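Have a look at the structure below before the remarks.
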Amino acid sequence: VLIVEDNLMNQKVAKVVVKHCGMTADVANNGAEAVEIMKGGGLYDVILMDIQMPVMDGLEATQRIREMEATGTIAKGNYIVATSANATAENHREGYEAGMDEYITKPIYPSKLKELLAKPKRMQTVLEFDDGADGDAEVTSLIGRNGSG
Amino acid sequence: MGKTKKTLEELEDERSALEQEAYDEKTKLLNRSQFQELLELQNEEEPEFVAEIVEMYLADAKEMLNELSKLFSEEKVKEAEDGKPNYNTVRAVLHKLKGSSSTFGADGVQQKCEELREHCINEDLDKCRTGEGSLEELQSNVDILSEFLAKYTAKIKEIYELSQEAKADE
């Protein structure tokens with residue numbers, strides 16, 4: 001599990017929860033560190049991504065990771081779960097648009113983490129690309145996400 | 001030596017009593033389900049978990065309260081171009097404190113953060129500083145919680161030590 005979180009207490013709680021699920025955890029203190037870890041070939045069953053962090057936030061980090069997946073820089077199909085104290089419908093929408101697979105309220109407890117891990121291996125998230133006039137591929141929508149939610 | 005040691009049962013009862021105190025609607029110190037979940041994370045592999053989390057939470061809270069205090073200080077307000085405290089920064093700090101408190105299950109503190117946030121939205125500096133929903137009140141709530149947590153972690157340490165002793169005696 002990759003825990004992306006700037007607050008030490010939340011990091012500790014997340015680490016222990018992961019331990020309780022019988023897994024190991026790596027920690028990134030912000031979105032930029034997470035992106036570096038993924039670039040370096042990080043392979044995780046799930047990435048727990050906090051939203052509000054300094055340097056680079058969770059939304060941007062997720063977008064970067066999805067971009068790297070799309071260009072084949074890293075393996076596809078990373079399971080990114082937003083963990084945030086905020087949970088308005090707007091926040092959810094922003095999260096999903098950035099490429100999150102799930103959006104849950106912090107902190108995540110063992111039962112919830114186990115539930116997430118038990119989900120069948122996700123189908124590839126299908127990204128619809130829009131080749132704008134200037135030729136740059138843009139992610140315009142996220143479709144075909146795992147139907148089991 | 002003639003030392004009257006409490007039994008594990010007695011200690012557990014005391015611990016239960018402390019918890020009841022915290023979960024009481026009137027004191028609103030801690031959120032039962034949230035705090036229970038945290039307690040359940042402590043085990044043989046992480047015997048000090050609760051104490052560690054408590055320490056981290058209180059250190060965070062202290063730092064944030066200090067920051068808030070500075071932001072509302074006469075000095076800072078006078079410095080400001082518009083003669084107002086930086087309400088945006090205050091709200092950002094409050095948001096962090098609220099987040100930590102919610103992880104921890106500190107309902108009362110969370111609520112006070114909300115109240116103070118309201119005063120910020122209304123840009124009511126007086127209310128921000130003293131009275132209901134003020135920084136002063138928030139500080140006092142954190143102090144009360146801090147005191148409680150010190151008692152509580154001491155109690156679970158006592159229980160842990162006694163149970164380890166009992167194991168050694170077996």
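The values are calculated or read from the model by the stated rules, or taken from the named source; none is laboratory data. Because the structure is predicted, anything quoted here is derived from the model rather than measured. Note that we place each Cβ from the backbone using ideal geometry, even for glycine, and neighbour counts take in every protein chain shown.
Considering only residues that are within 14 Å of chain B (Cβ to nearest Cβ) and surrounded by fewer than 16 Cβ atoms within 10 Å (Cβ to Cβ), look in the range A:58-103 and name the one that is farthest from the chain's Cα centre (by Cα).
A:THR88
Kindly indicate whether any position in the range B:80-87 is under 13 Å from B:ILE156 (Cα atoms), modelled with pLDDT of 90 or more and surrounded by fewer than 19 Cβ atoms within 10 Å (Cβ to Cβ).
No, there is no match, as no residue in the range B:80-87 is under 13 Å from B:ILE156 (Cα atoms), modelled with pLDDT of 90 or more and surrounded by fewer than 19 Cβ atoms within 10 Å (Cβ to Cβ).
Looking only at the range B:33-69, count how many residues are touching a helix residue (DSSP H, G or I) at 6+ places or on another chain (Cβ under 7 Å), within 11 Å of chain A (Cβ to nearest Cβ), surrounded by fewer than 19 Cβ atoms within 10 Å (Cβ to Cβ) and not in a helix (DSSP H, G or I).
Adding up the residues that qualify gives 3.
Quick one: A:MET123 ticks every box in (1) at pLDDT below 50; (2) more than 19 Å from A:ASP45 (Cα to Cα); (3) aliphatic (A, V, I, L, M) bar one, so which box is it?
A:MET123 satisfies every listed condition except (2).
When only residues in the range B:88-124 that are aliphatic (A, V, I, L, M) and either surrounded by fewer than 16 Cβ atoms within 10 Å (Cβ to Cβ) or in contact with a Cys (Cβ under 6 Å, 6 or more places away or on another chain) (or both) count, which is modelled with the lowest pLDDT?
Here the answer is B:ALA92.
Criterion first (assigned to a helix (DSSP H, G or I), under 22 Å from B:GLN110 (Cα atoms), within 14 Å of chain B (Cβ to nearest Cβ) and modelled with pLDDT under 95) does A:VAL18 satisfy it?
It is false that A:VAL18 is assigned to a helix (DSSP H, G or I), under 22 Å from B:GLN110 (Cα atoms), within 14 Å of chain B (Cβ to nearest Cβ) and modelled with pLDDT under 95.
Among the candidates B:ARG91, B:ARG129, single out the residue that is more than 28 Å from B:GLN36 (Cα to Cα), of a type outside the set (Gly, Ala, Ser) and within 14 Å of chain A (Cβ to nearest Cβ).
B:ARG91
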